[in-house]
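What follows is one structure encoded as structure tokens, with my remarks underneath.
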Amino acid sequence: MKTLKNNDHNHLSRIHNFLVKLGPTLILPISLVAFSSIILGISISLPLESFVSSFLNDLSSIVFVIFPILVYVSIIIHFHNDKNNNTIINSLITLFIFIAVQSIIVETGIIPSFFIGNLGFYTSYGNESIIHSMTPISFSVFSMMILSFIFIYLDKKISNKNWFLILGFLLVLILTPIFMIISILIWGIGFLISSIPFGFSAFLYGFVNRLLLPFGLHTVLMPTFLYTEIGGVLNIFNASDELVKTIAGDSNIWVFMYSKGMDFTQLNGEIIFEGNKYIYEVSNSYNIGQYQQGFLPILSFGFPITAIVFILWKGWENGKTFLFFTLITALSGISEITEFSFIFISPTLYFFNALIFGLSFWILNILNVSVWISTGWIIDIVMFGIMPSLKGFETNWYWIPIIGILLGLIYSLVYCFVYSKNFKKIT
């Protein structure tokens with residue numbers, strides 16, 4: 001029995017060390033996305049026709065599109081023992097072959113794009129024409145993490161260093177069926193969640209999102225709600241009641257309505273652009289932003305408050321690292337570095353963490369909070385909550401710190417209780 005306990009402890013230690021290493025690995029890519037969100041906030045605050053707005057718009061979209069590649073390279077640099085330039089170049093060649101082969105498969109219609117999963121990033125903001133930069137699930141953060149670790153493993157095992165030239169083709173054959181299954185499952189989960197009435201779908205979204213975090217699958221679930229019909233549809237009709245434009249996804253709807261000066265609280269009404277009057281209608285949505293702003297109270301306020309309460313209980317030396325993690329989360333939106341520590345303490349605590357996130361989404365949804373997010377950090381509150389409110393938009397951003405503080409106090413009590421019960425098991 002003692003040997004089994006020691007083995008369990010060793011497994012937990014290895015998992016903990018891996019997760020602790022993975023968190024900082026994502027700091028640079030996510031920091032660039034956070035910087036890009038500031039650029040986006042500035043661009044959609046400027047006149048849409050201006051050169052500066054278009055330039056900043058395009059600049060921010062580039063970062064969003066290449067974000068999965070940055071994650072891929074960052075993991076290889078941090079986890080691969082051989083960090084020379086050839087290793088990085090070979091890994092990129094493998095990646096680009098993989099992307100090119102899969103793109104050809106989709107374009108030729110051999111496999112419908114849905115089954116590869118058009119659930120990646122795409123943006124629609126700025127000028128009247130929607131800017132699309134779709135990336136499939138195979139190009140999402142989740143899939144890039146899988147590809148990077150496969151490359152690292154094979155690169156260590158295979159002595160022939162020219163293997164990477166064919167690996168991209170092999171990975172398409174191996175991983176495409178997996179991505180097809182994941183696409184169908186995630187779409188099905190998203191459809192079920194979005195069908196729940198009375199705004200409770202926001203609770204389920206936040207809860208399931210956090211449960212999927214340790215497996216990296218939250219990066220697949222999020223685009224499903226933010227950029228596809230699952231997260232809501234804004235239809236625009238002309239005077240003859242003909243459909244002239246469709247905006248899909250909670251994120252796209254928010255940005256479109258903000259850029260056009262539309263009232264977030266009105267799910268149907270009139271819109272005037274290019275001198276013409278149109279009728280718009282938002283369906284499948286209880287509140288604009290319901291699948292976005294629920295992160296902000298916890299990441300920006302709840303986690304730091306939990307760390308402060310823990311320091312008051314256990315002292316500065318015992319809690320300073322935890323506080324440092326929560327501040328990184330609040331100032332960058334990188335939640336993994338904080339949340340993975342909960343898994344190490346107790347799976348029960350992480351399950352409670354998912355419940356708290358779901359509660360945050362639900363409460364803000366009921367309170368009609370409408371704040372767009374990039375990575376879920378404090379600057380998002382300023383750029384997409386406070387600034388739009390100064391322009392007359394009813395974002396109701398002030399509920400975010402209030403709810404964050406209240407949930408943080410609840411969280412801190414549970415955290416300290418579970419920690420005291422499990423402390424001896426992890427030391």
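The values are calculated or read from the model by the stated rules, or taken from the named source; none is laboratory data. Note that the coordinates shown come from a computational prediction; the quantities given were computed from them, not determined experimentally. Neighbour counts run over all protein chains shown; Cβ positions are idealised from the backbone, glycine included. Surface accessibility is based on the protein's heavy atoms, side chains included, excluding ligands, DNA and RNA. Shrake-Rupley method; radii C 1.70, N 1.55, O 1.52, S 1.80 Å.
Here are the numbers:
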{"quantity": "Candidate set: region 242-281, residues that are hydrophobic (A, V, I, L, M, F, W, C) and over 23 Å from the mean Cα position of the chain (by Cα); chosen: the one surrounded by the most Cβ atoms within 10 Å (Cβ to Cβ)", "calculated": "Met262"}
{"quantity": "Number of positions in region 314-343 that are touching a Gly at 6+ places or on another chain (Cβ under 8 Å) and either modelled with pLDDT of 85 or more or not in a helix (DSSP H, G or I) (or both)", "calculated": "3"}
{"quantity": "Any chance Ile308 is over 21 Å from Ile196 (Cβ atoms) and part of a helix (DSSP H, G or I)", "calculated": "yes"}
{"quantity": "Matching residues in region 309-363 - criterion: being surrounded by fewer than 17 Cβ atoms within 10 Å (Cβ to Cβ) and hydroxyl-bearing (Ser, Thr, Tyr)", "calculated": "Thr321, Thr348"}
{"quantity": "Conditions (1) free of Cβ contacts under 8 Å to residues at least 24 places away in the same chain; (2) within 30 Å of Phe237 (Cβ to Cβ); (3) open to solvent by 60 Å² or more (accessible area, probe 1.4 Å); number of the one not met by Ile366", "calculated": "(1)"}
{"quantity": "In region 177-200, the residues that are buried (at least 19 other Cβ atoms within 10 Å of the Cβ) and polar (S, T, N, Q)", "calculated": "Ser183, Ser194"}
{"quantity": "Subset of region 282-301 [within 18 Å of Ile403 (Cβ to Cβ) and open to solvent by 70 Å² or more (accessible area, probe 1.4 Å)]", "calculated": "Tyr286"}
{"quantity": "Residue that is nearest to the chain's Cα centre (by Cα) [pool: residues in region 369-379 that are open to solvent by less than 10 Å² (accessible area, probe 1.4 Å) and more than 18 Å from Ile337 (Cβ to Cβ)]", "calculated": "Val371"}
{"quantity": "Residues of region 134-149 satisfying the condition of being open to solvent by 10 Å² or more (accessible area, probe 1.4 Å) and either modelled with pLDDT of 50 or more or not in a loop (DSSP other than H, G, I, E, B) (or both)", "calculated": "Phe139, Val141, Phe142, Met145, Ile146, Phe149"}
{"quantity": "Hits in region 387-401 (condition: among the hydrophobic types (A, V, I, L, M, F, W, C), open to solvent by 50 Å² or more (accessible area, probe 1.4 Å) and either in contact with a Leu (Cβ under 8 Å, 6 or more places away or on another chain) or free of Cβ contacts under 8 Å to residues at least 12 places away in the same chain (or both))", "calculated": "Leu390, Trp399"}
{"quantity": "Lone unmet requirement of (1) within 30 Å of Phe344 (Cβ to Cβ); (2) open to solvent by 40 Å² or more (accessible area, probe 1.4 Å) for Phe203", "calculated": "(2)"}
{"quantity": "Failed criterion for Leu364 (all others in (1) farther than 28 Å from Pro29 by Cβ; (2) at pLDDT 90 or above hold)", "calculated": "(1)"}
{"quantity": "Filter result for Ile104 (part of a helix (DSSP H, G or I), more than 22 Å from Ile334 (Cβ to Cβ) and modelled with pLDDT under 80)", "calculated": "yes"}
{"quantity": "Neighbours by Cβ (under 8 Å, 6+ apart or cross-chain): first from region 404-418, over 15 Å from Leu312 (Cβ atoms); second loosely packed, with under 14 Cβ neighbours inside 10 Å", "calculated": "Val418/Thr348"}
{"quantity": "Filter result for Ile186 (part of a loop (DSSP other than H, G, I, E, B) and closer than 29 Å to Thr338 by Cβ)", "calculated": "no"}
